[in-house]
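Notes to accompany the following structure.
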Ligand SMILES: Cc1ncc(C[n+]2csc(CCOP(=O)(O)OP(=O)(O)O)c2C)c(N)n1
Ligand SMILES: CC(=O)[C@@H](O)[C@H](O)COP(=O)(O)O
Ligand SMILES: [Mg+2]
């Protein structure tokens, strides 16, 4: 059979295909998606469900003149394939490869960068308003999933869009699934529309129906009209979207190209905001993904025949956190767990099964989750909100205003803290310290291994009182990193090894790297005073100042942005005590950190052990601690490191 995908170089090439060919194109794209994502990993299930939807959009609309905005953007792979990136598709999510999310810098067809949920309707409305002010003529389309629609921002935009006089198209891609089962009243509303479509009718259809009834059809008197309205409400429901001012079309079969093309071709000429409700199946066309859409939401590389991945999810900080939560819940009946649509990713699945009444999935609603937790804490419960670092960015004011200002005992289990890797810029969790450390009352910890995570969680829930955050990275860690077993005590750090030449202040996953650095430097005759602060806030002033004043050379190492991170906080500490001590900070610089594996990113940003050793040696050389003909003969053999 003729390979149709080979003929598609720009989206307008699709318009040359007939309906049968479009169907074939969909199958070719599915094959490419499965084959390629099985190697690179990625958001397979969502993309398999959006193939026909994307083809139909590009068949009717003229990208980039018409502007398509993908909410979250994790479902934009077919769009990428159809807009000139099929040859590079094998580089998806890899270092210097194409992004797993829309990126304006990558293509003119990627109108608006996304990655975090529920932004597309706001952005689309902004673009549509700008179009109208500038008297331009094009369509603006937001494609949003049923999960993303649970985010507050989506509602704020729907509320405003409902009064728009000009065309704006919202395509609701409803697969009845978020990363797991979707939750909440809205999800129920959508399910009702899906299963009882005749019960819900658009206003236009209702009007037509009533106008056909003799005697009522002609609007003879206002009174009659009112009666008509009352009857309508008795026998029919309108969708929420119509109540908000949208013209509603649906539910449409999102895998039927004819239906999709038909509705899109009409929608572009309608005045005012339009919502097209499309039903799709997450994972469509690939058995294992249809069966377990959650497992193929963001899958690592897998074997196509069996659908099996090599990734052992049980060996991760998230899994250890989840296990410890279950244990703690057995001891403390006030403990409750909250997630914003991420029960799998945060490790809370077992908790949700064992303690369903104490588990709350609030949907993609981080802001609400924080204030919800504040309410619970106010009433004496001990809420733990497990959330990814980058998604908690959303809830800054709720943390400050609702939790910290009232000194409420809410625990923030901040997963994916530090660089996360392949998801790239939007997902790197390297800003949480910057947005948390300046908040009064807040304590922040970071475990260096699984044992510390368990200790810290226990401390946070059982002993602490007030807002407290524990930040830990994506993926695996060591079970036990050092034999120091000190209990977690508020603001106390630990000295892992005592030294005389340089102080290293670090925490979390960078303790492991710093241990390697210290061991190599020791071989070279440099002795490191290695401090694991454990508490990133408040810092162990005595320990840090003691070491810094004794050695006078401080290095900080962190998996975080330098600005507002551990190094900055140590510098402020030295400044507060008016100590003029040299400090060198190793962390991420002031620009967005792109995609790549975590180890690639550490290497590029000189946060791997080798680069850090090199950096510290340079610093010491500058300080003339290491002389050209050092007494430590070893240096002579390693002088290249000092250049
Ligand atoms: C603010 C924010 N919170 C959480 C996430 C993580 N997340 C990414 S996709 C997703 C589910 C989206 O569901 P839906 O919109 O229905 O898309 P589907 O995958 O079902 O196609 C979640 C929770 C995110 N990207 N942004
Ligand atoms: C699109 C999105 O935001 C999530 O799907 C995220 O990619 C999940 O990341 P993890 O794989 O780290 O859970
Ligand atoms: Mg969905």
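Computed from the coordinates by the stated procedures, all read-outs in this text should not be read as laboratory data. This one's a predicted model, so the numbers in the text were calculated from it and none came from an experiment. Cβ sites come from the backbone with ideal geometry, for glycine too, and all protein chains shown count toward neighbours.
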With an 8 Å cut-off on Cα pairs and a minimum separation of 6 or more residues, tell me the relative contact order of segment 317-471 in percent. 23 percent
If I take every Cα pair under 8 Å that is 6 or more residues apart in segment 421-516, average their sequence separation and divide by the length, what percent do I get for the relative contact order? 31 percent
In square nanometres and to one decimal, what's the mean projected area of the convex hull around the Cα atoms of segment 493-631? 8.2 nm²
Taking alpha-carbon centroids only, segment 145-202 lies from segment 536-604 a number of Å equal to 45 Å
Using a Förster distance of 35 Å, the FRET efficiency for residue 516-residue 7 (Cβ separation, nearest 0.05): 0.10
Overall form of segment 37-81 per C-alpha gyration tensor (a/c, 1.5; a/b vs b/c): prolate
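Just order 603-616, 63-76 by mean Cβ neighbour count inside 10 Å, highest at the front, would you?
Ranked from most to least packed, the peptides come out as 63-76, 603-616.
Using mean Cβ contacts within 10 Å as the protection proxy, how do 328-337, 417-426 order, highest first?
By packing density, highest mean first, the sequence is 417-426, 328-337.
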Length gained, residue 253-residue 622, 0.36 nm per residue minus C-alpha separation, equals 126.0 nm
Take the Cα radius of gyration of the chain and divide it by 2.2 N^0.38 Å, with N its residue count; two decimals is plenty. 1.09
With contacts defined as alpha carbon pairs under 8 Å and 6 or more residues apart, what's the relative contact order of the chain in percent? 11 percent
Cα convex hull of segment 1-154, projected area averaged across orientations, nm²: 9.2 nm²
Peptides ranked, highest mean first, by Cβ atoms within 10 Å: ranges 50-61, 457-468, 82-93: 50-61, 457-468, 82-93
Give the shape of segment 410-452 as rounded, prolate or oblate, defined through the alpha-carbon gyration tensor: a ≥ b ≥ c are the square roots of its eigenvalues, a/c under 1.5 means rounded, and otherwise the shape is prolate if a/b is larger than b/c and oblate if not. oblate
Expressed in angstrom and rounded, the centroid-to-centroid distance over alpha carbons for segment 63-113 and segment 320-378 is 34 Å
Given axes a ≥ b ≥ c from the Cα gyration tensor, I'd like to know whether segment 317-471 is rounded (a/c under 1.5), prolate (a/b larger than b/c) or oblate. rounded
